[in-house]
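Input: a single structure, listed below in structure tokens.
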Amino acid sequence: MRQVASSSFRPASFGASLPAPVGGWNARDPIASMPPTDAIFLDNFFPRPGDVILRKGSSWYATLPIGRIRSLLPYNKADGTTKFFAADDSGLYDVTNGGTVSTVASSATNGAWESVNISTAGGHFLWCCNGVDKSRYFNGTAWTVLDGASSPALTGITSENITHVSLHKSRLYLVGKNSLSFWYLPVNSVAGAAAEFPLGAIFRHGGYLVATGSWTLDGGNGPEDYFVVVTSEGEVAIYSGIAPANAATWALQGVYMIGRPIGRRCLINFGGDLLLLTVRGLFPLSKALQSATVDIRSAVSDKILNAWTEYADAYKGLFGWQPILCPELSSLWVNVPIRYDAANGVINGYQFVLNTQTGSWCRFVGMSAECWAYREGRLYFARHNKVYLAWEGGSDVDGTPIQAAVKT
């Protein structure tokens, strides 16, 4: 009896489930070693704990008469009063209300300002310096340019030579240009006689001071605020105590070699830690200072190590490197300049973005920013003579769609 011939049927394809790349951008490990939740590149996608979303766009906020904007400076008073300033090489402009702004609020010749907010018995102040123009502060209504003859007067240091300012235990600490000294003002003061504290004898690699900051660390007996000093050669000194003038409490805790910082905007407070932006990565001091030899894997940026060092080696000399934290988006952004367009006077750049909940990284392209600011829960950036609001809408500033790319 004739029988039906047997046949073996094999499907031409199989179904497979690929997880979303919630592990983020991995620019460190060999492809064969990556988990399936990592991405070889992840551009304009933001990884969250359970999914990956397209980043939002940006919208125009304000325009200055000329370019280029190099600093955005928020003023935040305790009663809720806020002001917002943008600075180019002609001065500082009040862009609080947005729109086209043509009147300079405080004239200057350099737009690369460092600033800090401080409250005293005399009011709330935005204190600024740039190492070229005279330092100054804003009290909510007017700007006061500081020098030895101003009212109030600033003495003990040349006002034009102050390159960085920070707030530590109710005092302003000032960094002098091309110097291994810092200066500090009286407690709860925005002017007065600045006292010098020389550090040339503790830094073996020389250089000059780049930045100072305040680091809150729980050492076992409760939180303690430490004073941090960073040099151009990558050395970091840690001090404890109330103030340098108080010899009974002020003490050097150690000097560490971490890595050369990138720019003066190299320190940012992050939770209970202080992050240092270097050519080797973004290091939390709590881990970087645990031993005499810094473990490169302790960097927050360790997972994108190869990309970080490649960009840092090529572009560390460009102005525009800046970390900025946005708690509302659970994210830490690092602005990475990649080219200066001299013909148009603009910086082209990317942002390396960290999800602070998961530790996953991605890269944002299409927002070529030169400086950033966090104000009232929102992120702002500047390019040429315009200020933009980030994470807004579905297209970028020129109306182009947001183009994203991923390789899992």
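The values are calculated or read from the model by the stated rules, or taken from the named source; none is laboratory data. What you are looking at is a predicted structure, and each value in this text was computed from that prediction instead of being measured. Because the Cβ atoms are built from the backbone with ideal geometry, glycine has one as well, and the counts that use them run over all protein chains shown. Ligands, DNA and RNA are stripped out before the accessible areas are found, and what is left, the full protein with its side chains, is counted by its heavy atoms. Shrake-Rupley method; radii C 1.70, N 1.55, O 1.52, S 1.80 Å.
Couple of notes before you dig in:
- Nonlocal amide H pairs with Gln253, under 5 Å, H built at 1.01 Å: Ile238, Tyr239, Ser240
- Working note: Karplus 6.51/-1.76/1.60 with θ = phi - 60° gives segment 72-81 the couplings 10, 10, x, 10, 10, 8, 4, 7, x, 5 Hz, where Gly and Pro are set to x.
- Applying 0.36 nm per residue to the separation of Asp89 and Ala251 and subtracting their alpha-carbon distance, the gain on full extension is 54.3 nm.
- For segment 27-38, 3J(HN,Hα) computed residue by residue from phi via the Karplus equation (6.51, -1.76, 1.60; θ = phi - 60°) reads 10, 9, 8, x, 4, 5, 9, 7, x, x, 8, 8 Hz, glycine and proline entered as x.
- In plain terms, the chain from Arg339 to Asp51 could stretch by 100.4 nm, reckoned as 0.36 nm per residue minus the Cα-Cα distance.
- Positive-end ranking of Leu379, Thr408, Met367 along the dipole of segment 335-408, with charges on Cβ about the Cα centre, is headed by Thr408.
- For the chain, the 222 nm mean residue ellipticity estimated from helices alone, with every DSSP H stretch of n ≥ 4 adding -39500 (n - 2.57) and the total spread over all residues, rounds to -1000 deg cm²/dmol.
- Share, in percent, of DSSP beta bridges within segment 1-112 that are antiparallel, nearest 5: 80
- Under the criterion of Cα pairs below 8 Å and six or more residues apart, the relative contact order for the chain equals 18 percent.
- Dipole moment magnitude, nearest 20 debye, the chain about Cα centre, only Lys, Arg, Asp, Glu C-beta charged: 740
- A 1.4 Å probe, protein heavy atoms only, puts the accessible area of Glu376 near 120 Å².
- In this rough spin-label picture, where each label sits 7 Å from Cα along the Cβ direction, the Asp313-Thr408 distance is 3.2 nm.
- Contact order normalised by residue count of segment 81-168, Cα under 8 Å, 6+ apart, percent: 21
- 5 angstrom amide H check on Ala369, placed H, neighbours 5+ away: Gly349
- DSSP assigns beta bridges within the chain; of those with both partners inside it, close to 95 percent run antiparallel.
- Relative to the longest principal axis of the Cα atoms of the chain, the long axis of helix 305-315 lies at roughly 50 degrees.
- Where both bridge residues fall in segment 132-247, DSSP classifies roughly 95% of the beta bridges as antiparallel.
- Charges were assigned to the Cβ only: +1 to each Lys and Arg, -1 to each Asp and Glu. The resulting dipole of segment 139-268 about its Cα centre is roughly 180 debye.
- Carbon + sulfur, % of accessible area of the chain - ligands and nucleic acids excluded, 1.4 Å: 51
- Förster radius 30 Å - calculated FRET efficiency between Ser17 and Gln357 (Cβ-Cβ, nearest 0.05): 0.80
- Note on Ser395 and Asn188: their simple-model spin labels are 5.4 nm apart, each label 7 Å out from Cα toward Cβ.
- Full extension of the chain between Thr82 and Ser170 yields a length gain of 29.6 nm, computed as 0.36 nm times the residue separation minus the alpha carbon distance.
- What the phi angles of segment 178-183 give under the Karplus curve with 6.51, -1.76 and 1.60, with θ = phi - 60°, is a coupling list of 6, 9, 9, 10, 10, 10 Hz, glycine and proline written as x.
- Cross-link partners of Lys56 among aspartates and glutamates, defined as those whose alpha carbon lies under 13 angstrom from its own and excluding same-chain residues fewer than eight positions apart: Asp43, Glu392, Asp396.
- Cβ-based charge dipole, segment 1-115, positive-most Cα from Pro35, Tyr93, Phe46: Pro35
- Accessible surface, the chain, averaged per residue in Å² (probe 1.4 Å): 44
- Spin-label model, Glu196 to Tyr374: label points 7 Å out along the Cα-to-beta-carbon direction sit 3.6 nm apart.
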